[in-house]
Amino acid sequence: MPEPDTTTISRVKPELKVERPKLHKVLLVNDDFTPRAFVVTVLRAEFRMGDGQAQRVMMTAHQRGVCVVAVFTREVAEEKATAATEMGRKQGYPLLFTTEPEE
């Protein structure tokens, strides 16, 4: 009697390696023209900070020249930095938020 044809189907699924998205820091750059109260307002509005945290971030940037505001995925970091910078530009201030990759 002839043997029936047999087909073996592999049930092992390939293992997917999902890499976490690279994170980026949003940095507040100090300037000598934007009022401190306005910087706090921007931090509260765009980054949803409480008054105390916004004050601390603003003062750190004032004293050190720059301060990390928050860490997000690249797209979100760039959107927030642009929106916060634009808030200052609309009021005539040189307020600047930038982004850089987190190491």
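The values are calculated or read from the model by the stated rules, or taken from the named source; none is laboratory data. In this text the structure is predicted, and so the values were computed from the model without any measurement. FYI the Cβ positions are ideal-geometry reconstructions off the backbone, even for glycines, and counts take in every protein chain you see.
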Only one of (1) at negative phi; (2) surrounded by fewer than 16 Cβ atoms within 10 Å (Cβ to Cβ) does not apply to Ala61, and that is (2)
Output for Cβ contacts, cut-off 7 Å, separation at least six or different chains, first residue on the phi < 0 side of the Ramachandran plot and free of Cβ contacts under 8 Å to residues at least 40 places away in the same chain in region 83-103, second assigned to a loop (DSSP other than H, G, I, E, B) and among the aliphatic types (A, V, I, L, M), reads Thr85/Leu95
The number of residues in region 44-103 that are within 12 Å of Lys25 (Cβ to Cβ) and at pLDDT 95 or above is 19
Residues of region 12-36 being surrounded by 11 or more Cβ atoms within 10 Å (Cβ to Cβ), assigned to a loop (DSSP other than H, G, I, E, B) and charged (D, E, K, R), in sequence order, are Asp31
When region 12-65 is checked residue by residue, the ones that are of a type in the set (A, V, I, L, M) and in contact (Cβ under 8 Å) with a residue 60 or more places away in the chain are Leu23, Val26, Leu27, Leu28, Val29
Those residues of region 64-81 that are assigned to a helix (DSSP H, G or I) and surrounded by 13 or more Cβ atoms within 10 Å (Cβ to Cβ) come to a total of 7
Of (1) of a type in the set (A, V, I, L, M); (2) buried (at least 19 other Cβ atoms within 10 Å of the Cβ); (3) within 12 Å of the chain's Cα centre (by Cα); (4) not in a helix (DSSP H, G or I), Met49 satisfies every one except (3)
